[in-house]
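The values are calculated or read from the model by the stated rules, or taken from the named source; none is laboratory data. Computed from a predicted structure; not experimentally measured. A quick note on method: Cβ atoms are made from the backbone with ideal geometry, for glycine too, and the neighbour counts reach across all protein chains shown.
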Ligand SMILES: CC(C)(COP(=O)(O)OP(=O)(O)OC[C@H]1O[C@@H](n2cnc3c(N)ncnc32)[C@H](O)[C@@H]1OP(=O)(O)O)[C@@H](O)C(=O)NCCC(=O)NCCS
């Protein structure tokens, strides 16, 4: 139940390993790819290794986690990542090297990961995106996630003002259940007409 290997038509989704540091560096160093993410682009291999240790190796020690490297099937070289967190929000996140955008790769990966977490009994996933990053919202919609609400946050560590849109997909339990913690923690929240 920790990042089980998944295959789709074009992709293999698997764990990152210590042999993937060059691939991870290429994903994490790009300013544009990392603009809407809660970290700064990495500058060198040392920072990449620290990122891997803190955000991947630690998760692989847990009994259950979903922290995937997205690889093209014929190359098995990570070009992106996709995660579902095990905290209550079950946040769903992803990123892909720019050269591979506009081919439906993240949507294809997302379908497989969602099928897996549903099979494993997660009750729902949520995902949030910066209003200025609608491309990410398009992925959420294509995966069947429902827009629930928007909220403002002075976002760390970048210390910038962000309006986030929150999407959710329920698997079990009440069909109309909405995860409200982001709404509750933000003074300014609204349901937009999208
Ligand atoms: C957001 C992001 C993950 C989208 O990646 P992507 O692989 O291009 O997204 P999709 O899977 O939705 O692909 C959709 C595009 O592929 C095209 N496409 C081509 N073949 C396709 C296929 N077989 N199936 C679906 N779409 C296909 C679509 O027309 C669409 O084109 P468009 O981007 O010009 O509108 C990517 O831009 C990214 O990594 N951004 C930076 C990181 C980030 O913002 N992460 C999210 C933070 S909340």
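Brief remarks on what is shown
- Subset of segment 68-81 (residues that are out of contact with any helix residue (DSSP H, G or I) (no Cβ under 6 Å at 6 or more places or on another chain) and surrounded by fewer than 19 Cβ atoms within 10 Å (Cβ to Cβ)): 72, 73, 74, 75, 76
- Residue 43 falls short on exactly one of the conditions (1) over 14 Å from the mean Cα position of the chain (by Cα); (2) more than 14 Å from residue 8 (Cβ to Cβ); (3) more than 16 Å from the ligand (Cβ to nearest atom); (4) touching a residue at least 60 places away in the same chain (Cβ under 8 Å), and that condition is (4).
- Looking at segment 101-194, the helices (runs of 4 or more DSSP H) lying wholly inside it that each contain 2 or more residues that are within 16 Å of the ligand (Cβ to nearest atom) and either modelled with pLDDT under 95 or closer than 30 Å to residue 72 by Cβ (or both) sit at 105-119, 134-142.
- Residue count, segment 11-27 (criterion: out of contact with any helix residue (DSSP H, G or I) (no Cβ under 6 Å at 6 or more places or on another chain) and not in a strand (DSSP E or B)): 8
Here is a yes/no grid of residues against (1) within 12 Å of the chain's Cα centre (by Cα); (2) more than 19 Å from residue 21 (Cβ to Cβ); (3) surrounded by fewer than 12 Cβ atoms within 10 Å (Cβ to Cβ):
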| residue | (1), (2), (3) |
| --- | --- |
| 83 | yes, no, no |
| 121 | no, yes, yes |
| 126 | yes, yes, no |
| 130 | no, yes, no |
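- Segment 109-147: number of residues that are out of contact with any strand residue (DSSP E or B) (no Cβ under 6 Å at 6 or more places or on another chain) and more than 23 Å from residue 177 (Cα to Cα): 4
- Number of residues in segment 58-84 that are in contact (Cβ under 8 Å) with a residue 12 or more places away in the chain and closer than 18 Å to residue 2 by Cβ: the value is 17.
- In segment 106-130, the residues that are touching a residue at least 60 places away in the same chain (Cβ under 8 Å) form no Cβ pair under 6 Å with any partner that is in a strand (DSSP E or B) and more than 16 Å from the ligand (Cβ to nearest atom), whether six or more places apart or across chains.
- A residue that is within 14 Å of the ligand (Cβ to nearest atom) and buried (at least 20 other Cβ atoms within 10 Å of the Cβ) cannot be found anywhere in segment 56-67.
- The set of residues from segment 90-99 being touching a residue at least 24 places away in the same chain (Cβ under 8 Å) and either within 13 Å of the ligand (Cβ to nearest atom) or closer than 15 Å to residue 11 by Cα (or both) comprises 91, 92, 93, 94, 95, 96, 97, 98.
- Condition met for residue 147 (closer than 16 Å to residue 114 by Cα and touching a residue at least 12 places away in the same chain (Cβ under 8 Å)): no
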